[in-house]
Amino acid sequence: MARRKKLKNSSLLQILAGIVILVVITIIGGNLDSELLDSLQKDLEVDSLENVQGDDNFSSSNNSNVQVNGNLIVDFIDVGQGDSILIRQGEHAMLIDGGTSECKDDLLSFLASEGVQRFDYIIGTHPHEDHIGSLDDVVNTYDFDTFLFPKVTTTTKTFENLVNAVNNRGKKFTTPLSGTEYNLGEASFKILAPSSDSYQSLNNYSIVIKLTYGDNSFMFTGDAESLSETEILNSYDDLSADVLKLGHHGSTTSTSMKFLNAVSPKYAVVSVGKDNSYNHPTKTTMDKIKNLNIPVYRTDEQGTIECISNGKDITFNVEPGTYSYMGD
């Protein structure tokens with residue numbers, strides 16, 4: 001990723017005008033309503049973020065129905081009870097989550113075996129250990145351009161290690177805005193969540209993205225629960241995707257029927273550990289997938305799952321798994 005995108009002239013003028021207003025208000029003595037000041041400041045912050053946040057890989061439209069060259073490769077890496085997804089298009093690569101700290105050797109070994117050199121993006125969907133546990137090791141090993149992370153912090157050692165690793169690289173977290181789109185080679189992805197400022201459950205801070213490559217699309221949901229899914233349903237019209245990574249390892253908290261119907265996937269993938277103590281995936285979720293006759297691929301049964309798209313067709317390196325479950 002190269003240069004930061006320049007602000008559009010109109011946006012720059014708006015920001016300068018806003019700054020002038022704030023300066024004038026300050027000189028006058030601040031007699032205007034404080035709520036108005038806060039509103040002006042927020043408007044400036046949002047406008048700046050929307051226009052500056054991207055770079056040369058920023059996209060304002062998806063690639064649907066566009067002719068593409070080569071393949072998009074998506075690896076749902078077997079990291080046990082956790083998530084880690086490697087996405088590659090040409091020379092461009094992105095990693096979504098990094099499993100637990102216990103899987104670091106296996107994760108780094110897999111990345112090396114696939115010939116990964118660097119990342120355009122690393123995404124930590126949310127600060128749970130089974131998603132970011134080994135990301136500090138990834139950051140210490142690989143160069144990267146952008147680290148996307150939701151606006152939430154925790155006091156865990158795992159989170160502290162990740163923050164220190166990113167800082168030591170001279171980088172910072174980028175908090176993506178819902179609706180923002182980015183390019184990954186000839187693919188593009190849109191941020192669908194989170195869209196609220198705060199949640200009771202850390203799972204609902206999960207960054208959810210829809211990635212498009214030619215006529216194919218993928219939905220990656222982290223551990224987003226039904227609350228976040230409802231917000232997505234209320235914010236976006238076209239949620240259809242060929243492949244859906246089931247939220248929260250197939251837990252009952254996620255993959256609501258309305259969300260599943262809106263995505264209407266041809267294939268489902270669940271990243272889950274064999275004989276895990278959380279009883280994932282659950283009967284409720286697996287029955288939904290089964291009743292809709294959606295083939296399901298699962299890391300506890302098939303290990304790492306490789307999915308390849310040529311922009312028209314999607315193929316898997318393994319046969320579909322079973323609809324078996326551990327709990328309800």
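Considering only residues in the range 254-288 that are in contact (Cβ under 8 Å) with a residue 40 or more places away in the chain and hydrophobic (A, V, I, L, M, F, W, C), the one that is farthest from residue 98 (Cα to Cα) turns out to be 263. Here 79, 74 are screened, and the one residue that is touching a residue at least 12 places away in the same chain (Cβ under 8 Å), part of a loop (DSSP other than H, G, I, E, B) and closer than 23 Å to residue 320 by Cβ is 79.
So which of 322, 315 ends up being of a type outside the set (Asp, Glu), out of contact with any Phe, Trp or Tyr (no Cβ under 6 Å at 6 or more places or on another chain) and not in a loop (DSSP other than H, G, I, E, B)? So that I can check it myself, show each step before the final result.
Details: 322 fails: not in a loop (DSSP other than H, G, I, E, B).
Going through 322, 315 in turn, the sole match is 315.
Within the range 164-196, the residues that satisfy the criterion of being crowded, with 18+ Cβ neighbours inside 10 Å, aliphatic (A, V, I, L, M) and farther than 14 Å from residue 121 by Cβ are 165, 192, 193. For residue 217, the conditions (1) closer than 17 Å to residue 263 by Cβ; (2) assigned to a loop (DSSP other than H, G, I, E, B); (3) out of contact with any His (no Cβ under 7 Å at 6 or more places or on another chain) are fulfilled apart from (2). With respect to the stated conditions, residue 211 fails to be more than 28 Å from residue 308 (Cα to Cα) and not β-branched (Val, Ile, Thr).
Scanning the range 240-279 for residues that are of a type in the set (A, V, I, L, M) and surrounded by 20 or more Cβ atoms within 10 Å (Cβ to Cβ) yields 241, 243, 244, 246, 260, 263, 268, 269, 270, 272. Within the range 289-300, the set of residues being touching a residue at least 24 places away in the same chain (Cβ under 8 Å) and more than 21 Å from the chain's Cα centre (by Cα) comprises 289, 290, 292, 294, 295, 300. Being farther than 27 Å from residue 226 by Cβ, buried (at least 24 other Cβ atoms within 10 Å of the Cβ) and free of Cβ contacts under 8 Å to residues at least 60 places away in the same chain is a condition met by no residue of the range 148-157. With respect to the conditions (1) closer than 20 Å to residue 218 by Cα; (2) among the aromatic types (Phe, Trp, Tyr); (3) part of a loop (DSSP other than H, G, I, E, B), residue 278 lacks only one, and its number is (1).
Just so you know, all these numbers are worked out from the coordinates, no wet-lab data involved. As the structure is a prediction and not an experimental result, all values here were calculated from the model. When we count neighbours, we look across all protein chains shown, and the Cβ atoms used for this are built from the backbone with ideal geometry, even at glycine.
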